[in-house]
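Asker: I have a structure here, written as C-alpha cells, and I will follow up with some questions on it.
The values are calculated or read from the model by the stated rules, or taken from the named source; none is laboratory data. All figures in this text were calculated on a predicted structure; none of them were measured in a lab. Every residue, glycine as well, gets a Cβ built from its backbone with ideal geometry; the counts of neighbours run over all protein chains shown. The accessibility values were calculated without ligands, DNA or RNA, using every heavy atom of the protein model including side chains. Shrake-Rupley method; radii C 1.70, N 1.55, O 1.52, S 1.80 Å.
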Amino acid sequence: MGNRIGIYPGTFDPVTLGHTDIISRAQKVVDKLVIAVAGNDGKGPLFPLTERVALLEDEISGLRTNGYAEIEIVSFESLLVNFAVEVGASVIIRGLRAVSDFEYEFQMAAMNARMQPDVETVFLMASDRYQFISSRFVKEIARLEGDISHFVSPGVSAHLKQHFGT
Ligand code: ADP
C-alpha cells in the first residue's frame, strides 16, 4: 500500500448520497482518505458539527471494509490548505456537480494552488443519479415535508424529519 493521503473537505450539512458517492470514488484514487468536516463557519450550518460528523460516521461505516482506502473523519476550523499539510495530504478532493459549481471550485482550487503548490486539487464527478443532489435543497424539501428518500440515506432522512418535527 502506498501513502498518498487525500483530503475531502466539506460542510456535509447533512451528508447526501452525492457526498457518499464521491467518498467511495475518492477511496479508489488515494491510499488514505481524510474527510474534513468544516466547523461552524459563517455559512451557519443547520446541524452542529458533532451531528454532521456522527451522520457521516454512520454513512461511511460500510465503506470502511470495502478494501479501498482507509477513511478518517476529522473536523477542522483552519484554512484548508494549511490543514491539508497538517494531515499530510497531497491531494484535495472536491466533487463537481453542474456548471454552477465550476466558477466557485475553479477559484478556490486556483487560490489554494497559489498558497500551497504542493497540494493538488482533484475533481471527481458523482454518478448521474446523484450529481444534482445538494444539501441545501435536501434541507428545503425536508422542511416542506417532501420526499427526500432518493437523496439521502434512511438514517439522514430520519434525522432531518426529527429536526423539522415532520
Ligand atoms: P462546501 O460547503 O465545501 O461546498 P458541501 O458539503 O456542500 O461543502 O460539499 C462538499 C463537496 O462535495 C464539494 O466539493 C461539493 O461540490 C461536493 N458535492 C456535494 N454534493 C455533491 C453531489 N451531489 N455530487 C458531486 N459532488 C457533490
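Asker: How much solvent-accessible surface does Arg64 expose, in Å² to the nearest 10, with a 1.4 Å probe and all protein chains in place?
Answerer: Approximately 100 Å² of Arg64 is accessible to the 1.4 Å probe.
Asker: At a 1.4 Å probe, what is the % contribution of carbon and sulfur to the accessible area of region 5-128?
Answerer: 55 percent
Asker: If you don't mind, another one. For Asp31 and Arg143, what does the FRET efficiency come to when R0 = 45 Å and r is the distance between their Cβ atoms, rounded to the nearest 0.05?
Answerer: 0.70
Asker: Answer rounded, prolate or oblate for region 103-150, using the Cα gyration tensor with square roots of eigenvalues a ≥ b ≥ c: rounded when a/c is under 1.5, else prolate when a/b is larger than b/c, else oblate.
Answerer: On the way: a/c = 4.44, a/b = 2.48, b/c = 1.79.
The shape class here is prolate.
Asker: If you don't mind, another one. Comparing Gly39, Gly18, Gly62, which has the greatest mean-square fluctuation in the GNM of the chain with Cα pairs linked when under 10 Å apart?
Answerer: Gly62
Asker: Given axes a ≥ b ≥ c from the Cα gyration tensor, I'd like to know whether region 5-128 is rounded (a/c under 1.5), prolate (a/b larger than b/c) or oblate.
Answerer: rounded
Asker: Charges only on Cβ, +1 for Lys and Arg, -1 for Asp and Glu: so what's the dipole of region 52-135 about the Cα centre, in debye to the nearest 20?
Answerer: So the magnitude is around 180 debye.
Asker: While we're looking at this one, here's another question. Points 7 angstrom from Cα along the Cβ direction at Glu120 and Val99: gap in nanometres?
Answerer: Each label point is offset 7 Å from its Cα along the Cβ direction, giving 2.8 nm.
Asker: Where is the GNM fluctuation largest for the chain (alpha-carbon springs, 10 angstrom cutoff): Gln131, Gln116, Gln27?
Answerer: Of Gln131, Gln116, Gln27, the Gaussian network model singles out Gln116 as fluctuating most.
Asker: Please compute the per residue accessible area over the chain with all protein chains in place, 1.4 Å probe, rounded to a whole number of Å².
Answerer: 55 Å²
Asker: Heavy atoms only, 1.4 Å probe, whole protein assembly: order Tyr130, Tyr68 by accessible area, highest first.
Answerer: Numbers: Tyr130 45, Tyr68 120 Å².
In descending accessible area the options line up as Tyr68, Tyr130.
Asker: If each DSSP helix of 4+ residues adds -39,500 (n - 2.57) and the sum is divided by the residues in the chain, what number results at 222 nm, nearest 500 deg cm²/dmol?
Answerer: Rounded to the nearest 500, the figure is -12000 deg cm²/dmol.
Asker: Follow-up question, since we're still on this one. Per-residue accessible area for His150 at 1.4 Å probe radius, Å² rounded to 10?
Answerer: 120 Å²
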